[in-house]
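Accompanying notes for the structure given below.
The values are calculated or read from the model by the stated rules, or taken from the named source; none is laboratory data. If you're wondering where the values come from, they're calculated on a predicted model, not measured in any experiment. All Cβ positions, even for glycine, are placed from backbone atoms using ideal geometry, and neighbour counts span all protein chains on display.
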Amino acid sequence: MTRAPSERAETLRLELEAFMDAHIYPNEQRYHDELNALPDRFTTVPVMEELKAKARDAGLWNLWMPADHGGLSNEEYCPLAEIMGRVLWAPEAFNCNAPDTGNMEVFLKYGTEAQKQEWLEPLLAGDIRSSYCMTEPDVASSDATNVRTSITRDGDEYVINGKKWFITNAPYERTKIFIVMGKSDPDNANRHLQQSQILVPKHTPGVKIVRPLTTLGYDDAPLGHAEVHFENVRVPAANILLGEGRGFEIAQGRLGPGRIHHCMRLIGSAQRALEFACRRAVSRETFGRKLSEHQSVLEDIAKSFSEIEQARLLTLKTARKIDEVGAKDARDLIAASKIVVPMMAQTVIDRCMQIHGAGGLTADYPMAEAFNYARWCRQADGPDQVHMMALGKQIIRRYVD
């Protein structure tokens, strides 16, 4: 069952919707025009800085902030993330974009006071961006114990060597800090105590941004995803997060809420695509009838509505469980949401693209880029198969043990 939102959450929802109507949707074309005019696509889009200033002035800033730090509950944040997800670049205008929200939570939960002052404060202000470096090109990173990047203690420093890829934000000019996961104790008998996470400033000698990567042809500029190499990179020992061997602990604390944030935004993308499809269906005719009078189109719209509603309710239930028992004990519903929502969004958006004919494949509408987002979300933060495997094991234990 859904619950009535708090007065604060409902007020923010209404204010956010009004801001999107007044400032985000009218600037969609301007954003893309300015991005495409940049000599370097991974630099700041001018309109984004204007929108960030307006969002701060409107009190619509850092909406992701957890309840235990004066912000919203996960359940309260759900509708807000859905609204922001209707325009893929919009979350940055509110300082609510991935991977920064997850990284800021890492600093909040696990950072020292010095680390918070140096990195969290400018992140909260939106002055800098950050990256989370886990996935590697040379191993199956769906099993995070496979990571080969080494983090080796050498006196008062750690030395990092390895390759990472699909590192969101890495090419972006505003990105200043990387959180890097690697092996500090590769011979530990417990595979989940071999890893650590460490802070690496982007411009440290030996950090090489090798190339931006694309997904289905999209480079996701200006944030982007990149291949990054670490070649004898040295950072102070104080840059270790929480302590050696705590990498998996940090990853689980970070990725649980982050997975749900992606699901929330994807629901917004799917919902907007459905609204576009409905308007298209009454504006075009084939074979002497409006598209909205063809049974196949009506069926696609009905199925899409139903699937979005189901996914929305599952995500809200997951968010509530995280609020009540924490991400670790909500991992069953987190996995279920991560399995269901990206596939739902991909399927719904594909139907809506089809209703738009050839135009659905173009940048004239938001569907094609949103489809790309849904598709790569089936890999990001763990692929479908890993979540299905983990959830299947949990469910069997629940009814057999």
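The table below gives the values:
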{"item": "Helices (runs of 4 or more DSSP H) (entirely within region 21-85) containing at least 3 residues that are in contact with a strand residue (DSSP E or B) (Cβ under 7 Å, 6 or more places away or on another chain), at pLDDT below 95 and of a type outside the set (S, T, Y)", "result": "none"}
{"item": "Criterion violated by T362 - all others in (1) under 30 Å from D68 (Cβ atoms); (2) without any contact (Cβ under 8 Å) to a residue 24 or more places away in the chain satisfied", "result": "(1)"}
{"item": "Residue in region 233-240 that is touching a Gly at 6+ places or on another chain (Cβ under 8 Å) and in the same structural domain as I355 (by TED's automatic domain parsing) present", "result": "no"}
{"item": "Subset of region 124-141 [touching a helix residue (DSSP H, G or I) at 6+ places or on another chain (Cβ under 7 Å), free of Cβ contacts under 8 Å to residues at least 40 places away in the same chain and surrounded by 18 or more Cβ atoms within 10 Å (Cβ to Cβ)]", "result": "none"}
{"item": "Test: T11 is assigned to a helix (DSSP H, G or I) and among the β-branched types (V, I, T)", "result": "yes"}
{"item": "Residues that are among the hydrophobic types (A, V, I, L, M, F, W, C) and under 14 Å from A90 (Cβ atoms), drawn from region 9-31", "result": "L16, A18, F19, M20, A22, I24"}
{"item": "Of residues in region 102-132 being more than 20 Å from the chain's Cα centre (by Cα) and among the small types (G, A, S), the one farthest from L63 (Cα to Cα)", "result": "A114"}
{"item": "Residue within region 60-81 that is farther than 21 Å from L266 by Cβ, outside the structural domain of P212 (by TED's automatic domain parsing), free of Cβ contacts under 8 Å to residues at least 40 places away in the same chain and in contact with a Pro (Cβ under 7 Å, 6 or more places away or on another chain) present", "result": "no"}
{"item": "Cβ-Cβ under 9 Å pairs, at least 6 apart or on other chains, region 83-103 side over 19 Å from I179 (Cα atoms), far side acidic (D, E) and not in a helix (DSSP H, G or I)", "result": "L88/D220"}
{"item": "Hits in region 376-401 - residues which are part of a helix (DSSP H, G or I) and either small (G, A, S) or under 22 Å from L266 (Cα atoms) (or both)", "result": "W376, C377, D384, Q385, V386, H387, M388, A390, L391, G392"}
{"item": "Restricting region 222-234 to residues that are within 10 Å of G206 (Cβ to Cβ) and either out of contact with any Lys or Arg (no Cβ under 6 Å at 6 or more places or on another chain) or among the β-branched types (V, I, T) (or both), the residue that is surrounded by the fewest Cβ atoms within 10 Å (Cβ to Cβ)", "result": "N232"}
{"item": "Members of region 141-178 that are within 20 Å of H225 (Cα to Cα), touching a Pro at 6+ places or on another chain (Cβ under 7 Å) and not in a strand (DSSP E or B)", "result": "S142, N169, P171, Y172"}
{"item": "Test: residue in region 114-137 that is over 28 Å from Q197 (Cβ atoms), out of contact with any Gly (no Cβ under 7 Å at 6 or more places or on another chain) and not in a loop (DSSP other than H, G, I, E, B)", "result": "no"}
{"item": "Enumeration of residues in region 104-113 that are of a type outside the set (A, V, I, L, M, F, W, C) and either outside any helix (DSSP H, G or I) or free of Cβ contacts under 8 Å to residues at least 40 places away in the same chain (or both)", "result": "G111, T112, E113"}
{"item": "For K303: the one exception among (1) more than 28 Å from Q252 (Cα to Cα); (2) basic (K, R); (3) crowded, with 21+ Cβ neighbours inside 10 Å", "result": "(3)"}
{"item": "Any hit, region 355-372, residues being aromatic (F, W, Y), surrounded by 15 or more Cβ atoms within 10 Å (Cβ to Cβ) and closer than 30 Å to E249 by Cα", "result": "no"}
{"item": "Residue in region 356-375 that is within 22 Å of the chain's Cα centre (by Cα), more than 26 Å from R284 (Cα to Cα), part of a loop (DSSP other than H, G, I, E, B) and of a type outside the set (S, T, N, Q) present", "result": "no"}
{"item": "Pair list, Cβ under 8 Å, 6 or more apart: region 237-258 residue among the aromatic types (F, W, Y) and part of a helix (DSSP H, G or I), other residue modelled with pLDDT under 95 and surrounded by fewer than 21 Cβ atoms within 10 Å (Cβ to Cβ)", "result": "F248/H192"}
{"item": "L333 being over 27 Å from D300 (Cβ atoms) and assigned to a helix (DSSP H, G or I)", "result": "yes"}
{"item": "Members of region 210-244 that are over 17 Å from V159 (Cβ atoms) and either of a type in the set (K, R) or more than 21 Å from the chain's Cα centre (by Cα) (or both)", "result": "V210, R211, L242, G243"}
{"item": "Residue list for region 303-337, filter: charged (D, E, K, R) and closer than 21 Å to V106 by Cβ", "result": "D323, K328, D329, R331"}
{"item": "Single condition A327 does not satisfy, out of (1) buried (at least 20 other Cβ atoms within 10 Å of the Cβ); (2) at pLDDT 95 or above", "result": "(2)"}
